[in-house]
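Student: Pasting in a structure now, in structure tokens, and then I'll have a few things to ask.
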């Protein structure tokens, strides 16, 4: 597919797709979280931990509750990250689009219009969008806003991964 035949997806379409993905992802994660929280002991920070810290009373129950809180938080973080990786990499690698992009009729391809690999999906979705954006370029979302004035409507993660988002 030649570049002249491609219709680039605009910022609004990509933003709506992102918003749909956010809703889908948070709903699915919340359902999964309910089942996980039934297995891990619950800790009420304000009732179980804060009063002990304020009074400097550190009993076995305090340490048990503190450890349970840390364990629960860590497990939820790991599950969130694994679920994010699965949602983004699997869908983009397999179909070229997340559910939001599918609904909006847009997909991710390489700069020549070809399907991207799982490796490219990993680089684009996790290394660039998660690690790179959140650690380095989180200021004002400039990486995402770049699509507003770019000729090919590319964001930074598109440019770095050498991908474009097109209308089907």
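The values are calculated or read from the model by the stated rules, or taken from the named source; none is laboratory data. The structure presented is a predicted model; accordingly, all values stated were derived computationally and were not measured. Virtual Cβ from ideal backbone geometry, glycine too; neighbours counted across all protein chains shown.
Student: Which one of 62, 69 is without any contact (Cβ under 8 Å) to a residue 40 or more places away in the chain and more than 26 Å from the chain's Cα centre (by Cα)?
Tutor: On the way: 69 fails: more than 26 Å from the chain's Cα centre (by Cα).
Just a single option satisfies the conditions, and that option is 62.
Student: Further, regarding this structure: So which residues in segment 74-133 are part of a helix (DSSP H, G or I), touching a strand residue (DSSP E or B) at 6+ places or on another chain (Cβ under 9 Å) and surrounded by fewer than 17 Cβ atoms within 10 Å (Cβ to Cβ)?
Tutor: Hit for segment 74-133 is 95, nothing else.
Student: I've got another one for you. Kindly establish whether residue 24 is loosely packed, with under 11 Cβ neighbours inside 10 Å and at pLDDT 75 or above. Steps first, answer last, please.
Tutor: On the way: loosely packed, with under 11 Cβ neighbours inside 10 Å: no; at pLDDT 75 or above: yes.
No, not satisfied.
Student: Also: Considering every residue within segment 30-46, establish whether at least one is modelled with pLDDT of 80 or more, over 18 Å from residue 107 (Cβ atoms), more than 20 Å from the chain's Cα centre (by Cα) and surrounded by 12 or more Cβ atoms within 10 Å (Cβ to Cβ).
Tutor: Among the residues of segment 30-46, not one is modelled with pLDDT of 80 or more, over 18 Å from residue 107 (Cβ atoms), more than 20 Å from the chain's Cα centre (by Cα) and surrounded by 12 or more Cβ atoms within 10 Å (Cβ to Cβ), which makes the answer no.
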